[in-house]
Amino acid sequence: MQHRLKFFYAVTLATVLSVAGCAVNPVTGKNELSLISPAQEIAMGEKNYQPSRQSQGGDYYLDPTLQAYVKSVGERLAAVSDRPDLPYEFVVLNNSVPNAWAMPGGKIAINRGLLGYLEDESQLAAVLAHEIVHAAARHGASQMSRGTLANIGLAAVAVGTQGRDGGQLYGMASQLGAAAWMAKYGRDDELESDFYGMDYMARAGYEPQGAVELQRTFVKLSEGRQTDFLSGLFASHPPSQRRVEANIAKAKELPKGQRYTKRYQAAIAQLNKDSRAYKAEAEALAALNKKQGKEALVALDKAVALQPREGSFWELRGHAWKLVDNLANADQAFTTAISKNPDYFSPYLARGVLRHERGQKSRGLADIKRSYELLPTPAASYYLGEQAMVARQYSQASQYFNQATQGGGELSARAQQQLGAIQLRLKPESFIQTQLLLSDRRELLVRTSNKSPVTMSGIQLRLTIGGQAQILRLPQPLGSGQTATLSTGIGPIEDASSGYRIEAVAAVPTQ
């Protein structure tokens with residue numbers, strides 16, 4: 001058996017490699033294995049860009065000129081990249097965690113939390129150029145390909161045991177690596193992005209020392225174990241002294257360029273002005289995590305006074321009011337948050353859940369549906385699953401509850417229970433356990449057990465003997481956890497397991 005699996009693994013791997021072949025890295029010119037075509041890569045970026053932005057705070061909207069500015073810097077660099085034809089997009093996210101990331105196909109984001117640590121446009125260019133290289137060099141596609149091959153043995157075993165063919169394996173293997181672009185890039189990918197990113201900076205006229213200074217700053221912050229960086233940029237782009245030294249050597253080969261310090265500082269003026277407000281927000285979040293609603297409200301009063309247009313402050317006020325059991329004020333705060341930023345999923349979900357819990361189910365579900373349209377979350381999925389259950393749309397409800405189980409916690413456990421309830425409605429006989437036994441007189445008996453949480457009636461069993469089937473009916477209802485034994489009238493026989501098969505084919509749940 002082990003020999004056959006090894007052989008199957010070898011054949012499967014050869015099949016995948018022959019299908020995939022090698023692709024030329026557009027940046028380095030090297031041949032690399034790729035299971036994903038450029039068209040698939042672009043499609044994945046298009047599909048995941050918007051939900052990823054929603055899940056990480058939504059777009060920063062208080063200063064549209066900052067969005068336009070970052071976009072212009074990004075497009076200037078993308079135009080001199082090795083893949084200028086990619087459908088690049090650049091966006092600032094409304095997130096305090098210092099971070100930046102690139103999706104396959106050139107979908108790039110930088111958090112406002114990182115912009116405050118940069119000093120000039122050349123340092124911003126260093127960040128964006130680094131991310132552009134990740135996209136242009138197809139690092140995300142390579143991550144997915146490596147993830148696929150790392151799991152191919154497991155997939156091969158699954159195919160060998162389940163009888164799936166090679167085409168299905170390819171689909172399974174692709175899914176195994178589908179989220180790899182979000183994983184931490186390898187050391188070589190990071191060095192490659194630094195190296196070629198500095199080339200892009202020079203081509204676009206930026207001072208390459210900006211990349212050196214950027215890495216020096218990150219190494220210093222990592223040595224001080226800066227908490228926000230550890231949870232953000234350092235998690236996906238770990239800094240090192242080796243990267244600093246590599247950037248120093250690279251900068252010596254490149255021409256001097258522009259820094260545009262005044263232009264950059266003018267662009268982030270609103271962020272700098274609002275820094276005290278976001279600091280107060282951080283204090284409120286810490287209080288909320290400790291279930292200190294009153295303390296959170298004090299901090300949020302400061303934040304709102306400094307920047308009343310920031311919807312996240314109002315949403316947090318809603319959570320704080322809910323914590324102190326002032327539900328009317330919580331509803332009003334969530335409503336204000338929606339009015340400030342109507343394109344962000346989170347306040348809709350918060351208000352929808354609040355209204356649902358207060359008995360305003362139709363109004364609550366309207367909000368929850370809107371949140372789900374913007375970002376399908378496990379929480380929204382659960383409530384929409386409940387609605388589908390009431391409408392007896394069990395197939396739709398099952399899909400929602402399966403999504404809800406991905407979130408963990410109490411709602412996940414409740415979703416699992418609801419999935420059981422759907423199964424009880426759609427296939428109640430699956431809760432009936434049957435077993436063939438022999439009596440003392442060697443007469444064939446059927447032991448039937450009800451494993452459901454409710455009483456079952458109308459239980460029908462199918463007994464198959466040598467290819468011929470007959471239906472047996474249990475004469476009485478069977479309560480939850482109860483067992484009954486039914487005589488088949490067949491016997492005497494020698495062995496109940498030879499040529500006989502029993503299964504439940506019908507049952508009716510009763511409350």
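The values are calculated or read from the model by the stated rules, or taken from the named source; none is laboratory data. Not measured: the values here are computed from a predicted model. No Cβ is skipped: glycine too gets one built from the backbone with ideal geometry, and neighbour counts run over all protein chains shown. Calculation scope for accessible area: heavy atoms of the full protein, side chains included, ligands and nucleic acids excluded. Shrake-Rupley method; radii C 1.70, N 1.55, O 1.52, S 1.80 Å.
Summary table below
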quantity	calculated
Violating pairs (Cα-Cα greater than 27 angstrom) within the set 322/361; 302/322; 294/369; 302/340; 220/256	294/369
Residue 286 paired with residue 30, simple spin-label distance in nm, labels 7 Å along Cα-to-beta-carbon	4.4 nm
Accessible area of residue 348 in the full protein assembly, 1.4 Å probe (Å², nearest 10)	30 Å²
Percent carbon-and-sulfur accessible area, the stretch 238-298, ignoring ligands, DNA and RNA, probe 1.4 Å	53 percent
Listed residue (332, 345, 313) projecting farthest to the positive dipole end of the stretch 301-391, Cβ model	332
Sum of side-chain charges, residue 448 neighbourhood, beta-carbon under 14 Å (Lys, Arg +1; Asp, Glu -1)	+2
Surrounding net charge for residue 395, when Lys and Arg each add one and Asp and Glu each subtract one, Cβ distance under 13 Å	+3
Signed unit charges on C-beta, dipole axis of the stretch 330-435, positive-most listed residue 433, 364, 409	364
